[in-house]
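> One structure, as structure tokens, below. Some questions next.
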């Protein structure tokens, strides 16, 4: 195990928010796109550009909310936040900075500090490779690259619901499980893949899986392989799906691969996470003895920071509307793209309405204007590059489906976003130039371990996986 050192612990406080609702990723694959895929397969195989184009059009979230998200205490309260920053030494020339974000739950109020029984509930993690290099003039420089960005997926903290993981690899395994029972004539009793049951485990999901376009692309790869083998008479459907889900692009980390969790497991002897509710601050301090020395809890004082009442200032969740599901999709997408670009905070507005800018738009048909932003590191000389990468990624990922050539899918979308990875993401939007319909939604970025689009109710998750398979087979046959 690499040497891991706790560098700092930063605490803050969130704001009251509306109750959140589950909405998971789904693939809305239209018949004309399936026909195009089959046509390409008949020509020799699917090309990457076609998969990207169809994924951009067909990825999205369920418009129908799938039940309220359960959380410790309640959403409508100020919540303690916590960031753990570690240094992991890899070699003399390479160091890895590991970040673990989470929120605080439980414990009792104390005048002499934070109750050690307070639990740190992990939400997401990423690492930054810090490498010593030489620039073009031969002068020493440091390159900082974000990698291994992931979210933790947790079950119901109140144990009232059985939630399931809906990562692409889980969908593939659900389908395989259904096929096996189908061949044995007992598919009616199939209750899902046990490894995706979040009552039994803490799982890690790539942050990219929150991006509906990426998610759709992963499922399309499974579909493409099934189509190819059906047309060419190659491997059976089971082997086709198995080959897809165990490819490197779909593989997921184990919790034990995370250096923080590994250090905690080695020290405590606990490697299983059934019913996991987080680590107490006392447990973390016992493993990392400098915890109190590097702790900065000044921002945890609610009296120093005015409360932003998001309950009063934003719309409630739970409606079956495209505007609400789109707002959630944007919030999740920003939470992924921001850290992939190397940002922890970004404010921007965007539109694909040419009329608003006198007919002058960027080449991609989208105008995006940025406000304040914050890089992953202090005094980052390449911060503006990270911002440019974020804006291009967002335009490519989000506006593709609205700027498509299909007439019935051409939609004008105006949005205004404030995204904070250590806080909340506010999304304001309206469709087709009708500013009177503008709505604002606030998504608690620090609850993604509970609200992620990679989480769904048991029955819904299994049904969506099975329907994906059956619809595909119908189209092919």
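> Are any of the residues in region 79-97 touching a helix residue (DSSP H, G or I) at 6+ places or on another chain (Cβ under 8 Å) and surrounded by fewer than 18 Cβ atoms within 10 Å (Cβ to Cβ)?
Within region 79-97 (the criterion being touching a helix residue (DSSP H, G or I) at 6+ places or on another chain (Cβ under 8 Å) and surrounded by fewer than 18 Cβ atoms within 10 Å (Cβ to Cβ)), the answer is no, since none of the residues qualifies.
> In contact with a helix residue (DSSP H, G or I) (Cβ under 8 Å, 6 or more places away or on another chain) and either at pLDDT below 85 or more than 22 Å from residue 202 (Cα to Cα) (or both): does that describe residue 262? Don't jump to the end; show me each part of the working.
Values: in contact with a helix residue (DSSP H, G or I) (Cβ under 8 Å, 6 or more places away or on another chain): yes; either at pLDDT below 85 or more than 22 Å from residue 202 (Cα to Cα) (or both): no.
Here the answer is no, as residue 262 does not meet what is asked.
> Which one of the conditions (1) outside any strand (DSSP E or B); (2) over 19 Å from residue 335 (Cβ atoms) does residue 430 fail to meet, given that it meets all the rest?
(1)
> Let me ask something else. So if I check each of 100, 88, which one is within 20 Å of the chain's Cα centre (by Cα), part of a strand (DSSP E or B), closer than 30 Å to residue 144 by Cβ and touching a residue at least 40 places away in the same chain (Cβ under 8 Å)? Steps first, answer last, please.
Numbers: 88 fails: within 20 Å of the chain's Cα centre (by Cα).
Residue meeting the stated conditions: 100.
> Same structure again: Condition check: assigned to a loop (DSSP other than H, G, I, E, B), surrounded by fewer than 22 Cβ atoms within 10 Å (Cβ to Cβ) and at pLDDT below 90. Does residue 240 satisfy that? Explain how you work it out, then say what you get.
Working: assigned to a loop (DSSP other than H, G, I, E, B): no; surrounded by fewer than 22 Cβ atoms within 10 Å (Cβ to Cβ): yes; at pLDDT below 90: yes.
Here the answer is no, as residue 240 does not meet what is asked.
> Which numbered condition in (1) closer than 23 Å to residue 397 by Cβ; (2) not in a strand (DSSP E or B) is the only one that residue 108 fails?
For residue 108, the exception is condition (1).
> Okay, next question. Which residue, of 25, 76, is within 30 Å of residue 262 (Cβ to Cβ) and at pLDDT 85 or above? Show your work before the answer.
Values: 76 fails: within 30 Å of residue 262 (Cβ to Cβ).
Testing whether each residue is within 30 Å of residue 262 (Cβ to Cβ) and at pLDDT 85 or above leaves just 25.
> Now, a different point. May I ask you to say which residue of 185, 192, 177 is assigned to a loop (DSSP other than H, G, I, E, B) and buried (at least 21 other Cβ atoms within 10 Å of the Cβ)? Can you show your working first?
Details: 185 fails: buried (at least 21 other Cβ atoms within 10 Å of the Cβ); 177 fails: assigned to a loop (DSSP other than H, G, I, E, B).
The match here is 192.
> Might you check whether a residue that is surrounded by 14 or more Cβ atoms within 10 Å (Cβ to Cβ), under 22 Å from residue 12 (Cβ atoms), touching a helix residue (DSSP H, G or I) at 6+ places or on another chain (Cβ under 7 Å) and modelled with pLDDT of 90 or more occurs anywhere in region 292-309?
no
This table checks each residue for (1) in contact (Cβ under 8 Å) with a residue 24 or more places away in the chain; (2) surrounded by fewer than 20 Cβ atoms within 10 Å (Cβ to Cβ).
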{"site": "38", "(1), (2)": "yes, yes"}
{"site": "42", "(1), (2)": "yes, yes"}
{"site": "48", "(1), (2)": "no, yes"}
{"site": "51", "(1), (2)": "yes, yes"}
{"site": "55", "(1), (2)": "yes, no"}
{"site": "59", "(1), (2)": "yes, no"}
{"site": "65", "(1), (2)": "yes, no"}
{"site": "69", "(1), (2)": "yes, no"}
{"site": "72", "(1), (2)": "yes, yes"}
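> All but one of (1) assigned to a helix (DSSP H, G or I); (2) within 22 Å of the chain's Cα centre (by Cα); (3) exposed (fewer than 15 other Cβ atoms within 10 Å of the Cβ) hold for residue 356; state the number of the condition that does not hold.
Of the numbered conditions (1) assigned to a helix (DSSP H, G or I); (2) within 22 Å of the chain's Cα centre (by Cα); (3) exposed (fewer than 15 other Cβ atoms within 10 Å of the Cβ), the odd one out for residue 356 is (2).
> Taking region 13-47, which residues are in a loop (DSSP other than H, G, I, E, B), touching a helix residue (DSSP H, G or I) at 6+ places or on another chain (Cβ under 9 Å) and over 17 Å from residue 62 (Cβ atoms)?
Residues satisfying the conditions are 14, 15, 16, 17, 18, 45, 46, 47.
> I would also like to ask the following. Please go through region 67-83 and pick out each residue that is farther than 20 Å from residue 302 by Cα and in a strand (DSSP E or B).
Hit for region 67-83 is 68, nothing else.
> Quick one: residue 312 ticks every box in (1) within 30 Å of residue 469 (Cα to Cα); (2) outside any loop (DSSP other than H, G, I, E, B); (3) at pLDDT 85 or above; (4) more than 20 Å from the chain's Cα centre (by Cα) except a single one, so which number is it?
Of (1) within 30 Å of residue 469 (Cα to Cα); (2) outside any loop (DSSP other than H, G, I, E, B); (3) at pLDDT 85 or above; (4) more than 20 Å from the chain's Cα centre (by Cα), only one is false for residue 312: (1).
> Same structure, new question: Given the structure, is residue 400 part of a strand (DSSP E or B) and within 28 Å of residue 454 (Cβ to Cβ)? Before you say what the answer is, go through the steps one by one.
Values: part of a strand (DSSP E or B): no; within 28 Å of residue 454 (Cβ to Cβ): yes.
Against the criterion (part of a strand (DSSP E or B) and within 28 Å of residue 454 (Cβ to Cβ)), residue 400 does not qualify.
> Between 462, 417, which is in contact (Cβ under 8 Å) with a residue 60 or more places away in the chain and over 30 Å from residue 77 (Cβ atoms)?
462
> Cβ-Cβ under 9 Å, sequence separation 6+ or interchain: first residue in region 238-256 and over 20 Å from residue 124 (Cα atoms), partner part of a loop (DSSP other than H, G, I, E, B). Which pairs?
From residues that are over 20 Å from residue 124 (Cα atoms), the pairs are 240/234; 242/235; 243/235; 244/250; 245/251.
The values are calculated or read from the model by the stated rules, or taken from the named source; none is laboratory data. Everything quoted here is computed from the prediction, not taken from an experiment. When we count neighbours, we look across all protein chains shown, and the Cβ atoms used for this are built from the backbone with ideal geometry, even at glycine.
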